[in-house]
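What follows is a single structure, written as structure tokens, with notes after it.
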Amino acid sequence: MLKNMAESVLTRICWYLKPLEFVDDVIINDEGKPLAMMLYIVEGNVSIEKRKGSSSSNSNIYNLQQRGAGEVCGEELLRWPLSTSFPNVLPVATESAKAMGDAVEVLALTATDFKREFYYMQMEYFLGMTSNTRTFSAEQLKWATDDYHESRIIGGDKFATFYKGQGFAVKKYTTRIRYGDVAIEAAVASQTHHINAVRYLGLCRKEDKPVLVFEYISNGTLFEHIHKIKPTALLLSLELRLKIASETAGALAYLHSFTPAPIIHQCLATKYILLDDHYTAKLSAIGQSRLLNEPYLSSDYFSSISKEGYFDPHFRNDELAEKSDVYSFGVVLAELLTSQNPVSPPGTSAVNLASLFRTSVEEGRLDQILDAQIIVNESTSETARKVADLAKRCLGLQRKARPSMEQVAVELEGLRKFMAEYQRGEDVEPSFS
């Protein structure tokens, strides 16, 4: 992490390093607890422990290391600004650090000091995160998109238009947006590496408006396929829909639990789930949600995404923020099962899909809203019922009671196995282990 940071950022961080001393067996950082500080060890040794599960018993320690002078502990603090939890919720320590011997001397950067100083160095910070990615010239992108000709447009939203380039997709912002805020999106996207996430390729710093470059995904959006908007769209079977849902859940679980700084998507919708020629899901718009932290954009952004029917009406940017992604994913599951639009057409009095779906499952009327074209036999009917139950839990009104995306991903994999075995005539129950 340190090697990706601009020299000006490192200089500012050094201003705030405080000398501290810890005695033997003092726990400096505790895995699973808020991370209070990053340490640069000057003298002595620190024991690093990682644990299995949530138990604190010694028998559950699966990794023991020792770090000494010149090494760092709690480096994940430096990734905090990449997370949507910044600056309101401290990051969680991913390992425990405990002093060894009579005295351990360190230089410490506290979370409080880092947060306060960050606002003076954020541009340099985010650009440093993208230093290992490609920089495209304005001329390259104009040539690749035929000078951003309308025939090259492949998608977009209120804030940006996507153009097809030569083997890549170009995202050009159409609204007034600060370059520093685009650097935030680029920094978050550049730190995301998952088979079911769209790869970030680079940026152009010389265009009149900010431009980002991503891999080109050829087969359109999941929304276009479900609602037959894409001219070549075929009927997606329940088995294929379950595969796409499972892959998307895996990508979200990765963002929440397996990135150095948890990333909340916040604008999940089927239009942001792209499909390649093999119908493999590719999650896009990762990092875009960091724009919600910018006051000059947040009201328009919230207004835009809340009208699409996926956004959690109980959203709070707190320690449970990831559960709002779970809610949005519940809407995606409901859309996959019913092939209905998440919002009702203008001028109608029908309730949104999330409310309709939740009520239908609770009242035993699921069959009335399922897409009959994908329910073709007992196997699909039974699988759809189990997926619907999972969707209902994701759509729960109590955020804390919703499952994590990691749990959802595991359940969907179990349901894929259940469906395959059911089709073979085997008497099975889904396994969620």
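The values are calculated or read from the model by the stated rules, or taken from the named source; none is laboratory data. The shown structure was predicted, so the numbers you read here are calculated from the model rather than taken from an experiment. Glycine also receives a Cβ, built like all others from the backbone with ideal geometry; neighbour counts cover every protein chain displayed.
Here are the numbers for this structure:
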quantity	calculated
Residues of segment 380-405 that turn out to be surrounded by fewer than 17 Cβ atoms within 10 Å (Cβ to Cβ) and in contact (Cβ under 8 Å) with a residue 60 or more places away in the chain, as a count	3
Positions within segment 205-237 being farther than 30 Å from Q191 by Cα and either among the polar types (S, T, N, Q) or touching an Asp or Glu at 6+ places or on another chain (Cβ under 8 Å) (or both), in sequence order	I226, K230, T232, A233, S237
Sole residue being more than 23 Å from N132 (Cα to Cα) and at pLDDT below 95, chosen from P260, P231	P231
Of all residues making up segment 234-257, the number that are out of contact with any helix residue (DSSP H, G or I) (no Cβ under 7 Å at 6 or more places or on another chain), among the hydrophobic types (A, V, I, L, M, F, W, C) and modelled with pLDDT of 90 or more	4
Matching residues in segment 374-411 - criterion: being within 11 Å of L337 (Cβ to Cβ) and outside any helix (DSSP H, G or I)	I374, I375
Search result, residues across segment 13-39 that are surrounded by 17 or more Cβ atoms within 10 Å (Cβ to Cβ) and of a type outside the set (A, V, I, L, M)	F22, N29, D30, E31
Residue match in segment 137-145 (condition: farther than 25 Å from A245 by Cα, aromatic (F, W, Y) and either at pLDDT below 95 or buried (at least 21 other Cβ atoms within 10 Å of the Cβ) (or both))	no
Sole residue being at pLDDT below 95 and in contact with a Phe, Trp or Tyr (Cβ under 7 Å, 6 or more places away or on another chain), chosen from V376, V428	V428
Which listed residue, of E247, E239, E215, is more than 22 Å from the chain's Cα centre (by Cα) and surrounded by 15 or more Cβ atoms within 10 Å (Cβ to Cβ)	E239
Meets criteria (modelled with pLDDT of 95 or more, assigned to a helix (DSSP H, G or I), assigned by TED's automatic domain parsing to the domain that holds Q340 and surrounded by fewer than 22 Cβ atoms within 10 Å (Cβ to Cβ)) for S299	no
Criterion (among the small types (G, A, S) and assigned to a strand (DSSP E or B)) met by exactly one of A169, A251, A187	A169
Residue list for segment 38-67, filter: β-branched (V, I, T) and either at pLDDT below 90 or under 14 Å from A93 (Cβ atoms) (or both)	V46, I48, I61
Which numbered condition A97 misses (of (1) modelled with pLDDT of 90 or more; (2) part of a loop (DSSP other than H, G, I, E, B); (3) among the small types (G, A, S))	(2)
Failed criterion for R134 (all others in (1) more than 29 Å from H256 (Cα to Cα); (2) in contact (Cβ under 8 Å) with a residue 12 or more places away in the chain; (3) surrounded by fewer than 17 Cβ atoms within 10 Å (Cβ to Cβ) hold)	(1)
